[in-house]
Structure formats: structure tokens, C-alpha cells
């Protein structure tokens, strides 16, 4: 295609690129700022003017405080547990539900689809759900984090839509061999569904990793708190006092601000290092979700 | 002859019994899913009756006394009603005006980019804030907007005055909306980029032959091409006009800016878990919100169905 390169068109390209590059800098700078500030001298940071582009003074005492803090480590371990156990539970239930609802021979599938979709519009809300969790006797246990979020309806429907597109011919031979539904699911459906499985597993894991609200209302016991709830205490409620006890520095007050930055880095960098490589799965998920029912 | 019929019959019954068995295993497989929905979605729905009761912990949900619509009349005539209603609407409207077009504009701009490598880089970088957890994102917002924070540093650099943004309620909505755009603009553009990649390239070529410039092609080909996606996303937004998640609000607000920051969902949260918990009242306010949300979503879908035959269901 021959395109005439006019002056206006060239100017547009330049302006377009400049705006987009500036936008990426705006997206990037906050994390860069946090990284620089976490290794800077906190007093100099609080008095600095203009943009922060390089560390002011260099100290890593905040990281020492963070890494020797038991709350952070326990929070990390708890979060890993919630992510792993929660996602496994999610995947089992979602796959089973999606399989049953994608069987054309299953007579009640229309009714069950409505039964499930209805919950996307109407739910009991905060208090009835809280009272249920309390009534089940799982308040202040790890089950209170895992059970109420055991299935995400959106993910379930997305998986079902994918299963629906698998041609029946694939199952025919297995059916003739007399394979049961569990065999068909495990040996035929799942191996050809890796894209959707990767997508929803990622969605579920990220949701568990980010979640803090349920932990806040269901867990009193600090030793069961996920990392995000510990972070909330430090970043939002401004309560880094608890971290100070383990702090090794002399100037404890000034390091408090730095601890915030160091905590953000420690809690965010793992995800930020991983997501560019998983990006294609996430984007695929957005498109799968966009496919109309 | 007789024999053959008998064989046929046994074969048939064999098939029927395996079919039943097969169905039974399907039911068995669905049982845990059914139980989840029944226990964690439908039982709490029954708990909505709390909205019409004066909850007493001693008597429980079903034993508590019925009080009819008293919680609702109390809410509608109370001082908080218009406050949280207007805050919810204002934040949502601002989010619609500024937050809705942002990813579309970004997608269109990315689409005009010539260099594929640079485009990929910019995409990856703009997705990044989406992967920062909400708690950390709000932590960043609070830190950047404080008096000695980086935003104030930049304002001073440009010759302005320092302000403690999160202590003045007028700044809450802009900060909420702008930070929301920062978090989601890249991620939100994915769906439009997908729609853009689905547009037939021949159309552009034909337009070029007809002498159409870039601007003309965008107006006549690109925008109509992503229109269905835009309509669906707009319906989704309209349907959520009165629902605003409480999580970001609860993390962001403080006593100084409560008058502009408190929305229905955060009010529901405080009524249930604040200093003076009132479970019945909280459930009533939440029920009011749910009813409005369902009405909005259904009517938004109806309107779009009439207008463009694009609908969610």
C-alpha cells in the first residue's frame, strides 16, 4: 500500500509517539520513585524538591527492617498458602461445574445455568454473608478465606463457553469405549483446554494475591493474615510502629517512612517481574471474556 | 424373530441404565458446585429479610423482631441518604466522563503507531499499574498526594503552592478518578485493541484508493469498527452507575473528607462493622442499592437492545 506521507501525517506520528511515551513514563515513574526512595535517606527525601531521579544518600536499613520482620514473612507465607490452596479449590470446582454445564445431554443444564447466572445480579450482601460464615463456625479460620470465594461465576461461565466450542467428535471414540464422564473430562476435555485453564488459574491467583477485605472482616488472628492486610496496616493506617521493635537502626523514626517504600517493593516486585511473561494469557482472557455467551 | 426382539430390548435397557448412570455421575460432579452456590449465594439471599428486622444477636436472624420498612424510612429520611447517594452518583458520573473514553483513546493512539516494538513496550508498561495490588496502589496514592509528596513537589516546581490533597474533600473525586485511570487505562485498552485488530484491512485500502486521509479513515472505518464493543462497555458502565466498590473507598477515605468520599457501599460497610454495628440497617441500605443496580442494568440492556441490537443477554 502506497501511502502519501504528508507533513500533517508525519507531525501527527511524532506527537502521538511523544504523548504515548509520556504516558508510559507516568505509569512507570511511581514504582521507580518508590524504588529510589526506599534506598534513600528518609530525611533528605522529606525535604527534597522536584522529581526524584536518583537516591539521596544510600542506605538499606529499611530492607533490613522488612526482612527481619516476622509479620511480613508470615503474611507472605499465608498469602502463598491462600493463593495455592485457594486456586486449586477454585480450579477443581470451576472445571467440574463448567464440564457439567457444557454437556448437551444434561437435561437440567438450562435451569442450573439460570441458578448460577442469577447470583451475578443479586447477592445477600455484606451482613448476611458475614453471619453465614459465622454460623458455619469458620470465622477466624483459614476456611473463611477459601470457601466464600470458591467459585467465581464469571470464570465459570467463561470456562463453560470454551468447553462448548470443543467438537463432540473428540469425545465419540471415548464414549464408544465406555469411558465415564470423569475420564472424558480428564483425558479429552482438559488437555485441549489449556489456554482457558491458564487464563482462569491466573485470574484466580491474582484475585487471591490481592484480596484483603474478606481477611479483614473474617480474621481477627494476626497470624493468619495475608500479606495485603499487613500492608494495609503499614501503608494505610500508618502503623509501622509494630515493625520498629525489630528494626536494627538507631534513628527509628526516620526509617519509618522508608519502611513503607521497602515494603511496597518487597510485596510488588515478584508480580511485576512475572506479569510481562504471562501477559499473553491475561490478554487472551480479556478476549475470551468478551465473547458473547 | 422373538429372540431378536428380546435382544433388542436388553440392549435398549442396557443403554438406558448406562445413560442413567452417566447422568448420575454428572449430578455427582455438579453436587459440590451446587452446594457452593446454595450455601454461599442463596442462603445469604434469605438473610436479606434482616432488612425488615431489628437484629438482635441473641435471637439470631430468624428470631429477631419484624419491623417492616422502618429501616428504609429511617434511611430515606436520614441525613446520610442524599449524601451517600450523591457521592456515589458523582464519582460514577466523573468516572464515566473521564474513565470511559480514556482506554478508547489509548487504543486508537496505539493503533496509529508504526513501530511494533515500541507499541508492545508501551502496552506492557501501561498494563503495569493493573498488577499493583489495591492496597499498595492506594498506599502510593496517599503517599504521593501528601504535603511533602511527589505531586506537591512537581506543583511547587511549576510555581504552585503545596496542598494536603487528602485532607480537603474537594480533591477526593478527582484523585479517585485520575488514579483509577492510571490503574486501568492500559488494561482497559486491550478489549478495544482486540476489536481494532478485527477490522477488515481491505476497507482501509479501498478508502486510501478513494483518497481518504488518516483522520477520515479513523472516523469512517475505525470508529464504526469498534462501535459494538464501545456500546457493550457503555452498557456495563451504565448498569453499574449506582454500584461503586467499597474497597478502594474504604482504603482511601479519612474523617476529614468523609462528606465527599462516603458512598453507599462504604456506608453499608461502616454500618455493619463500624463503632455501632446495626446489621438490620446495613442490610436494608444494601438491599436498596441492589434493587437499583438490577433495575439499571436491565434497563440499560433494554435501551441498547432497542438502539443497536447489541445486548448482554
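The values are calculated or read from the model by the stated rules, or taken from the named source; none is laboratory data. The structure presented is a predicted model; accordingly, all values stated were derived computationally and were not measured. Backbone-built Cβ (ideal geometry, glycine too); neighbour counts: all protein chains shown.
For region B:119-138, which residues satisfy the criterion of being at the interface with another protein chain (Cβ under 7 Å from one of its Cβ atoms) and free of Cβ contacts under 8 Å to residues at least 40 places away in the same chain? B:122, B:124, B:131, B:133, B:136 - these are the residues of region B:119-138 that are at the interface with another protein chain (Cβ under 7 Å from one of its Cβ atoms) and free of Cβ contacts under 8 Å to residues at least 40 places away in the same chain. Pairs linking a residue in region B:36-62 that is over 12 Å from residue A:127 (Cα atoms) and outside the structural domain of residue B:285 (by TED's automatic domain parsing) to a residue that is at pLDDT 95 or above and not in a helix (DSSP H, G or I), with Cβ atoms under 6 Å and 6 or more positions apart or on different chains, are B:36/A:150; B:36/A:151; B:40/A:148. Just one residue in the set A:38, A:102, A:61 is in the same structural domain as residue A:215 (by TED's automatic domain parsing), in contact with a helix residue (DSSP H, G or I) (Cβ under 6 Å, 6 or more places away or on another chain) and either over 29 Å from residue B:157 (Cβ atoms) or in contact (Cβ under 8 Å) with a residue 60 or more places away in the chain (or both); that residue is A:102. Scanning region B:150-167 for residues that are at the interface with chain A (Cβ under 10 Å from one of its Cβ atoms) and either on the phi > 0 side of the Ramachandran plot or buried (at least 21 other Cβ atoms within 10 Å of the Cβ) (or both) turns up just one, B:150. All of B:207, B:276 fail the test of being farther than 18 Å from residue B:90 by Cα, at pLDDT below 90, in a loop (DSSP other than H, G, I, E, B) and not assigned by TED's automatic domain parsing to the domain that holds residue B:48, apart from B:276.
Just checking, which of A:84, A:122, A:95 is under 30 Å from the mean Cα position of the chain (by Cα), touching a residue at least 60 places away in the same chain (Cβ under 8 Å) and outside the structural domain of residue A:267 (by TED's automatic domain parsing)?
Numbers: A:84 fails: touching a residue at least 60 places away in the same chain (Cβ under 8 Å); A:122 fails: touching a residue at least 60 places away in the same chain (Cβ under 8 Å).
Testing whether each residue is under 30 Å from the mean Cα position of the chain (by Cα), touching a residue at least 60 places away in the same chain (Cβ under 8 Å) and outside the structural domain of residue A:267 (by TED's automatic domain parsing) leaves just A:95.
Of all helices (runs of 4 or more DSSP H) completely enclosed by region A:30-131, which ones contain at least 1 residues that are within 8 Å of another protein chain (Cβ to nearest Cβ) and under 30 Å from residue A:218 (Cβ atoms)? Fully inside region A:30-131 and qualifying: A:70-102, A:109-121. Taken over region B:35-93, residues that are exposed (fewer than 13 other Cβ atoms within 10 Å of the Cβ) and within 12 Å of chain A (Cβ to nearest Cβ) amount to 5.
Within region A:201-218, the set of residues being in a helix (DSSP H, G or I) and either within 8 Å of the chain's Cα centre (by Cα) or without any contact (Cβ under 8 Å) to a residue 60 or more places away in the chain (or both) comprises A:202, A:203, A:204, A:205, A:206, A:207, A:208, A:209, A:210, A:213, A:216. Does region A:142-160 contain any residue that is in contact (Cβ under 8 Å) with a residue 24 or more places away in the chain, over 22 Å from residue A:97 (Cα atoms) and surrounded by fewer than 22 Cβ atoms within 10 Å (Cβ to Cβ)? Within region A:142-160, one or more residues are in contact (Cβ under 8 Å) with a residue 24 or more places away in the chain, over 22 Å from residue A:97 (Cα atoms) and surrounded by fewer than 22 Cβ atoms within 10 Å (Cβ to Cβ). Given the criteria modelled with pLDDT of 75 or more, under 24 Å from residue B:141 (Cα atoms) and either crowded, with 16+ Cβ neighbours inside 10 Å or not assigned by TED's automatic domain parsing to the domain that holds residue A:36 (or both), does residue A:227 qualify? Here the answer is yes, as residue A:227 does meet what is asked. Number of residues in region A:176-190 that are assigned to a helix (DSSP H, G or I) and surrounded by 16 or more Cβ atoms within 10 Å (Cβ to Cβ): the value is 5. Report yes if residue B:233 is buried (at least 17 other Cβ atoms within 10 Å of the Cβ), within 12 Å of another protein chain (Cβ to nearest Cβ) and out of contact with any helix residue (DSSP H, G or I) (no Cβ under 6 Å at 6 or more places or on another chain), otherwise no. When the stated conditions are applied, residue B:233 passes them.
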